[in-house]
Structures are given as C-alpha cells and as structure tokens.
1. So how many Å³ per residue does the convex hull of the Cα atoms of region 157-226 work out to?
2. Quote the charge dipole size of the chain about the Cα centre in Debye, to the nearest 20; the model charges only the Cβ of Lys and Arg (+1) and of Asp and Glu (-1).
3. How large is the convex hull of the C-alpha atoms of the chain per residue, in Å³?
4. Over the chain, what is the relative contact order in percent, taking alpha-carbon pairs closer than 8 angstrom and at least six residues apart?
5. Tell me which of ASN188, GLN404, SER36 sits at the most positive position along the dipole axis of the chain, charges placed on C-beta atoms (Lys, Arg +1; Asp, Glu -1).
6. Mind giving me the nanometre distance, one decimal, between the label points for ALA470 and PHE450, set 7 Å out from Cα along Cα→Cβ?
7. Which whole-number percent is the relative contact order of region 184-435 (Cα, under 8 Å, 6+ apart)?
8. Report the accessible area of THR467, computed with a 1.4 Å probe over the heavy atoms of all protein chains in place, in Å² rounded to the nearest 10.
Amino acid sequence: MSQKAQIGVTGLAVMGRNLARNFARHGHTVALHNRSYGRTKELVEEFGHEGTFLPAETAEQFVASLERPRRVVIMVKAGPATDAVIDEFAPLLEEGDMLIDAGNAHYADTRRREAALKAKGLHFVGAGVSGGEEGALHGPSIMPGGPKESYDALGPLLEDIAAKVDGEPCCVHVGPDGAGHFVKMVHNGIEYADMQLIAEAYDLLRQVGGLSPQEIAGVFGEWNAGRLGSYLIEITAEVLKQVDASSGKPFVDIVADQAEQKGTGRWTVQAALDLGVPVSGIAESVFARALSGGADVRKAAADAGLPGPSAGSEHVGGDLRADVEQALFASKIVAYAQGFQQIQAASKEYGWAIDPGAMAKIWRAGCIIRAKFLDFIKQAYDKNPELATLLVDDYFLDAVSGAQDAWRRVVVTAAQQGIPAPGFSSALAYYDGLRAKRLPAALIQGQRDFFGAHTYRRVDKEGSFHTLWATDDRPEVDA
Ligand code: 6PG
C-alpha cells in the first residue's frame, strides 16, 4: 500500500505553505494541493528536505493520498474562494472526513458551511490561525471551532504545530460551528485597538514630549520589559528605529498616514452592534483607520483651515512618559475587557460554551496580541468564569485605580493640545460610564417616551410607564 498522509493542505500561498511545512517539520506526512501545480512543485523543490510531502496534481489524487478520517486544511482567501474549494472537495470526501478552514472567514459563513457539510456527514472546522507568516511556520495560536468529535482526530496535530507556553500548546477546541472564527475575529478587533492605542502613545510622546522616533523606540523598549510587554510593543520599537534608506529620514515619516484594513476589525464591531455589546475601543480603532484613509475629507478640512486650540499647554501634573504608560495600560485593559465581554455574549447567544480563560491562555504565544498580561486575564477567568467584566477582577481593578489620575491627565493634555486620542479618551469614557451611579440614560428614556410613547421603567416601582406629555398636568399611566 502506498504511503498515506496524516493531513493535507490545499492553497499553498505563503500561509498555506508555511502551515504545511510546520506539519512536515513535526514529523507528519503532508499531502499538498494547489490550484496551479507550479506552486506545489516549488514547495517540494525548495523545502522537500524538511519532511515528507505527497504532492498531488489533482483534487482526486490529493484526497486519495490521505489517511482516514481525512483532514484537509483549506488555506485560501476568505470568501467565495473558500466555497469554491469546499464545492470541489466535498463530493470526493467520505463520512467523518473533515475540512478545516484556516483562513480569516466570517463566523456566519462558517456556521452556514458547517451546517451544510454536516448534512452530508462531513465535519467542517473553522479554525482561527494567528501569527502571520512566521507564526504559521514556527508556531501560531490556533482557535479551532466545529464539532467536538473532530477535535479528537485533529486536535493533536494542531497542538503539535501550535506555539507553546511552558510546553502547553496555544490551541484548544473553542466551541461548536463558528466559535473558532468568532474568537479569531475578536482577536483581530483587539489587535486593532491595541495598535491604535500604541499609535496614540507614540503621537503624544512625539508631539507633546518632543521625542524623536528613535527616542520613542527606546521608551517602547523599556515598556516592553514591564507589564506592557507584548509582541505589538516590541515590533513598534523596531518600526520606530527603522531609517528609510533612500531619504535618511525616520521610516515612520515617509509612510503615507492612511491605515488600511482587510475587514476583520470592522466585522468585530458589526457583530458587537448586533449583540449589543459596547466595544467602543475596538470601534474607535476601526473608525480611526477610516478617518485616516479619508483623504478627501482630510484635505477639505485642511483647505478650510479647521482651527486647533489657540494656545497649546504643557502636560501638567505628572511626568508625560509615565502618564502615557499608565493611560496605555488602562486603555488596553478596557479594550480586552470589551473584547472578552463580546466573546461571552456570543457564546451565550449561540450556545458555544466558550471558556474565556482558555482563550486568554491560547493567546499567550504565537498570535499577534500575545502579551504578558494575558496570564492575568487567564487567572481572572479561572477564578470566576462568569466575571461580568475584567475591570472588576482584583488585578485589573488595582491597575486601573492606580492609572486613572495619569490617564485623565493624558486625555486632558490631548484635548487641550488638539491631538486626537480617540482610543485613550473613549476607553476613559467607557470606564467612567461603567462606574457612574446614575447615567443620563434616564433623560434619553424621557425623550423617547415624549416623542414616541416608548415607555420607561421607574426606580421606585415595577412595571412599564408612559407619561401623557400632551396634557397640562402630565399624568402617568401604566403602559
Ligand atoms: C493574525 C493577523 C492576521 C492579519 C490581520 C491584518 O492574527 O495573524 O490578525 O489575521 O494580519 O487580519 O488585518 P488588517 O489588514 O485588517 O489590518
């Protein structure tokens, strides 16, 4: 009998190629398939020495070379290409075989695909994979959803290639159907928020503190050794150190200041709106990218000379660097608290039973938002899986209480000097909103009742009420 592969990868652009190499480097025989055979051949020519690959020219050969249950990793551009690959392979597979979509698919698509394939007796696993090209090769964080039974046959392979923390793999069965892709989407939303907050910290240190990009790289380097230690802080220092070879200027000064996006941050906010979860930090980061990219509007504002503050003031009351570090840490806590709340809300809505502590655990290495403080998030949810918000856990409560004066000073300085800091200021507003004893939402209820008879609840009795606003004595009636 000819040799069979434990796993196959179809779609051999850089992410698929690196995942395939990662499986092979861990001693698994890997079947390879790509729309054009040229890529498959190249992979084997270049990296064949790394392990055992079984290249296939056709989908039929590929499927025939896999041991049962067949495990087929699809690594193509999310969207119609994924459906096309599923349509190509599903008819060739047999009951119990599994298709694993490792792309950045929308979780609703994953739910649809999982249901359709289940009806055919096939397992569909939507797996979030984070860590970019390097992660795919050396150890990503993997967030597989889909049926629990499929994890029994698939999990050990994924755990082999995943990043490890103290020998523990950054991979766990997240939950049924779209749970894995949902969690990966929120991971990306948090990634957007983290990046925006870091960018605001840089901007304040540069514009208010007068530091150069090189000096700020030094500050980020120091912060990386402390509680802010994370991959994104580390690479920010690298980006800031970079000098453009052709102009001799700091790299950050020669890049067009228009941030792009492929859409996962936007999806996170859209999903949060449907779930009614305020992910204001993530939303601000998506909107900040959109604002930066709105060249026409920015030009109109510049042409009209929209005025800034008449006189800039210094940062008062504290040391700017130390204060910005505090503001960054506190705002980051808010962003993660919001993201985790969204995961918990979706888990309830879809019956996914996601363990939030396990998500923090598998994000500790391999992924883009890997950070020291994920250990504390894990501990917080291990202590109380039903935690209403991370902000009330002892560690985070302490951190935010310790940061809040500095955080407020930073937001004041930004506002007074006309420097946009939507991430810092919206995080602070969220924090203040959560801790407020009374919110002006009561007034909004009054307005709604006035113009639309939408009714309101009272603080002192049960029931639903409506005031007859049009009459002189404004009587109240049970609604
Ligand atoms: C990851 C990244 C990855 C991708 C981002 C980029 O976890 O490895 O999140 O999925 O690099 O989605 O997103 P934007 O192009 O939207 O910034």
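The values are calculated or read from the model by the stated rules, or taken from the named source; none is laboratory data. These numbers come from a predicted model, not from an experiment. Cβ: placed from backbone, ideal geometry, glycine included. Neighbour counts: every protein chain shown. The accessibility values were calculated without ligands, DNA or RNA, using every heavy atom of the protein model including side chains. Shrake-Rupley method; radii C 1.70, N 1.55, O 1.52, S 1.80 Å.
1. 119
2. 200
3. 208
4. 12
5. Positive-end residue among those listed: SER36.
6. 1.7
7. Once normalised by length, the contact order is 28 percent.
8. 20
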